[in-house]
1. Return the only residue of Leu383, Leu354 being over 16 Å from Leu148 (Cα atoms), in contact (Cβ under 8 Å) with a residue 40 or more places away in the chain and either out of contact with any Pro (no Cβ under 9 Å at 6 or more places or on another chain) or surrounded by 21 or more Cβ atoms within 10 Å (Cβ to Cβ) (or both).
2. Could you list all residues from the stretch 53-92 that are in a loop (DSSP other than H, G, I, E, B) and among the polar types (S, T, N, Q)?
3. Between Phe333, Phe269, which is surrounded by fewer than 19 Cβ atoms within 10 Å (Cβ to Cβ), farther than 28 Å from Ala134 by Cβ and either touching a Phe, Trp or Tyr at 6+ places or on another chain (Cβ under 7 Å) or not acidic (Asp, Glu) (or both)?
4. Give me the pairs, please: first residue somewhere in the stretch 30-53 and polar (S, T, N, Q), second residue anywhere and surrounded by fewer than 15 Cβ atoms within 10 Å (Cβ to Cβ) and not in a loop (DSSP other than H, G, I, E, B), beta-carbon distance under 9 Å, and either six or more positions apart or on two chains.
5. Looking only at the stretch 54-97, which residues are within 19 Å of the chain's Cα centre (by Cα) and more than 13 Å from Met161 (Cα to Cα)?
6. Which of (1) touching a residue at least 60 places away in the same chain (Cβ under 8 Å); (2) out of contact with any Pro (no Cβ under 8 Å at 6 or more places or on another chain); (3) not in a helix (DSSP H, G or I) is the odd one out, the single condition Ala141 does not satisfy?
7. Taking the criterion of being of a type in the set (S, T, N, Q) and either surrounded by fewer than 24 Cβ atoms within 10 Å (Cβ to Cβ) or assigned to a loop (DSSP other than H, G, I, E, B) (or both), would at least one residue in the stretch 187-199 satisfy it?
8. Of the residues that make up the stretch 196-208, is at least one farther than 30 Å from Pro390 by Cα and touching a residue at least 24 places away in the same chain (Cβ under 8 Å)?
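The values are calculated or read from the model by the stated rules, or taken from the named source; none is laboratory data. Treat the numbers as computed from the prediction; the structure is a model and nothing was measured. Here Cβ is always computed from backbone atoms with ideal geometry, including for glycine, and neighbour counts include all displayed protein chains.
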Amino acid sequence: MTHASTLAAPAVPRASLRRRPAASLGTALGLFAVARFAGVAVLAVVAWASGRQPLALLGRSWDSGWYLGIAAHGYGRSLRFPPEIVQSDLAFFPLYPALVRAVEAVSPLGWGAAGLVVSWVAAGVAACGIHALAARLYGRAVATVAVLLWGLLPHSVVLSMAYTEPVLTAFAAWALYAVLAGRWLWAGALASLAGLTRPTGFAVAAAVLVAAVWELWRRRGKVSHRLWTGAALAPLGWLGYVLWVGRRTGDLFGGYFEVQRLWGSRFDFGSGSLRFVRHLLLHGDRLVFPVAMVIVAAAVLLYGLLLADRAPLPLVVYSGVLLLVALGGSGFFESKPRFLLPAFPLLLPLARALVRTARARPWHATVVVGALAGLSFAYGAYLVVVADTPL
């Protein structure tokens, strides 16, 4: 039986997972923390050299300002730009601002620092979830490498900023783990919370729902009430916010999507992205845009490897939906790599290959990791400090 034909078919014997699990997780978290600390340190040096404050850049850049504004004042802010751009804070989902508000209320921290605390803690929780899921499927070595790779992606600087990607990844990783473990209530509840975090949070609900349908078919409908309840819970967070925005704007089912359209963001099956790629190939542009194109192309390749690797169905659906949104969405081309940060299952085939390389040729693996680290740290500092482009 292949991984793709079942929801929970770990390739690693359970007994092997019980040996020193805490030590393995500690190693993974330590490497992840070192990677992110080094990235922030490089960013800080570049920021100070240019006369800017690194914590302000991390805590209040671009969308962070919108989230902090919602946390401090609630919804109701809009900016208008001719001819028809209307940027409303209703485009931003509510869970992250609510968490920031809670941290600010119980601590002496300001809004920016509270936002960073939420993101940093969520990144740690996400790393634990990625490790747990990968260890269940492929063993501790692959799990450790997967966590490290996630911390060394070119856009991983976002994991150290007051952004929502770490929060979404945390809910997604543990929801997918719950599905593979057959814990449907946890899977549904976590998917619902993911849906309150970001527009792409519905990818988690989609994974849970498809997995539930598959389980229903496989068992000929003979499943517990927990599966039904978990499946019912999964989409509630995302649907609830979309309908709330629709009610507030006077268009129950279309209001949220109109808000996104007025931001310049819509799903057009990739035609807008193709036009922009054509522009890049013919005329060139700032470094951020061709790098974004390369990262998205690499994500497509990694998804093909994930399919070839016969990954479990929930991981395939979750990553596929995130990739579909990134490819098919129009507008904010430079943000597509950030949208793909939560698609951590794409890293599993690469992590497995790197573990095999490390066992056969340790020096080669060291060079690969070092090159990824250099790219991540340098490009992260460039994105936040130098490039005048929205993340």
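1. Values: Leu354 fails: over 16 Å from Leu148 (Cα atoms).
Result of the check over Leu383, Leu354: Leu383.
2. Narrowing the stretch 53-92 to residues in a loop (DSSP other than H, G, I, E, B): 53, 61-62, 74-77, 82-84, 92.
Gln53, Ser61 - these are the residues of the stretch 53-92 that are in a loop (DSSP other than H, G, I, E, B) and among the polar types (S, T, N, Q).
3. Numbers: Phe333 fails: surrounded by fewer than 19 Cβ atoms within 10 Å (Cβ to Cβ).
Testing whether each residue is surrounded by fewer than 19 Cβ atoms within 10 Å (Cβ to Cβ), farther than 28 Å from Ala134 by Cβ and either touching a Phe, Trp or Tyr at 6+ places or on another chain (Cβ under 7 Å) or not acidic (Asp, Glu) (or both) leaves just Phe269.
4. Ser50/Val386
5. Trp66, Ala91, Phe92, Phe93, Pro94, Leu95, Pro97
6. In the conditions (1) touching a residue at least 60 places away in the same chain (Cβ under 8 Å); (2) out of contact with any Pro (no Cβ under 8 Å at 6 or more places or on another chain); (3) not in a helix (DSSP H, G or I), Ala141 misses (3) alone.
7. Looking only at the stretch 187-199, we keep the residues that are of a type in the set (S, T, N, Q), and these are 192, 197.
Cutting the leftovers down to either surrounded by fewer than 24 Cβ atoms within 10 Å (Cβ to Cβ) or assigned to a loop (DSSP other than H, G, I, E, B) (or both) gives us 197.
Yes, the conditions are met somewhere in the stretch 187-199.
8. Applying the first criterion (farther than 30 Å from Pro390 by Cα) to the stretch 196-208 yields 208.
Next cut, touching a residue at least 24 places away in the same chain (Cβ under 8 Å) only: 208.
Yes, the stretch 196-208 contains a residue that is farther than 30 Å from Pro390 by Cα and touching a residue at least 24 places away in the same chain (Cβ under 8 Å).
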